[in-house]
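I have placed the structure first, in the form of structure tokens, so that the comments after it can refer back to it.
The values are calculated or read from the model by the stated rules, or taken from the named source; none is laboratory data. Note that the structure is a prediction, hence the values are computed from the model and not measured. Counting neighbours? That spans all protein chains shown, and the Cβs are built from the backbone with ideal geometry, glycine included.
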Amino acid sequence: MAKTDFPGWHGTTILAVRRGGEVVVAGDGQVSLGQTVIKGSARKVRRLGKEGREVVAGFAGSTADAFTLLERLEKKLEATPGQLARACVELAKDWRTDKYLRNLEAMLVVTDGAELFVITGAGDVLEPEHDVTAIGSGGNFALAAARGLMESELSAEDVARRAMAIAAEICVYTNGNLTVESIRK
């Protein structure tokens, strides 16, 4: 089967919301192959780093590829303690230039509670506008919902949970089984 004939893995929505000194990263649990749900309880949001230098990361795309990138990011964080932006840029540079890494298919949302970034294989390290960002199959639905909810008085976690619920109602590749991690700086 040619790569273009493969039905493709789908099923991630990762949303990050920053409000009131807190960043909440939420990810749904669905993994789909074509039109079949393979797993409904995958954990796509994780804590990285050691106590006191924690980072929360969410990933969309190939799980093996994402884990490879998360391991690389942890090494970059160890080499540049307290410098999330630098670690992200170094990872993005490696990802873009390394022959092996260049083929990895994933995206990351990372935060240390103060800074928030989206990292892509195109070499991008993006800081979101409006204190909200999202990636994955249902990312645009969650992003739109969260942007609308940011005008309310809801907490960061409540915005994230409600926006993810809206995305799960619209996107067939997103479910309501959430992993939610928060971090303060």
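Values computed for the structure shown
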item: Hits in the range 111-139 (condition: surrounded by 23 or more Cβ atoms within 10 Å (Cβ to Cβ), under 16 Å from D65 (Cα atoms) and hydrophobic (A, V, I, L, M, F, W, C)); result: I119, I135
item: Sole residue being farther than 18 Å from L70 by Cβ, of a type outside the set (S, T, Y), at pLDDT 95 or above and surrounded by fewer than 17 Cβ atoms within 10 Å (Cβ to Cβ), chosen from A163, A144; result: A144
item: R43 vs. criteria out of contact with any helix residue (DSSP H, G or I) (no Cβ under 7 Å at 6 or more places or on another chain), more than 14 Å from A16 (Cβ to Cβ), basic (K, R) and in contact (Cβ under 8 Å) with a residue 12 or more places away in the chain; result: yes
item: Subset tally (residues that are modelled with pLDDT under 95 and either under 12 Å from Y173 (Cα atoms) or of a type outside the set (A, V, I, L, M) (or both)) for the range 48-58; result: 6
item: Extreme residue, modelled with the highest pLDDT, among residues of the range 92-138 that are within 17 Å of T63 (Cα to Cα) and part of a helix (DSSP H, G or I); result: W95
item: Breaking point among (1) surrounded by 15 or more Cβ atoms within 10 Å (Cβ to Cβ); (2) not acidic (D, E); (3) not in a loop (DSSP other than H, G, I, E, B), for G29; result: (3)
item: Test: G82 is touching a residue at least 12 places away in the same chain (Cβ under 8 Å) and buried (at least 23 other Cβ atoms within 10 Å of the Cβ); result: no
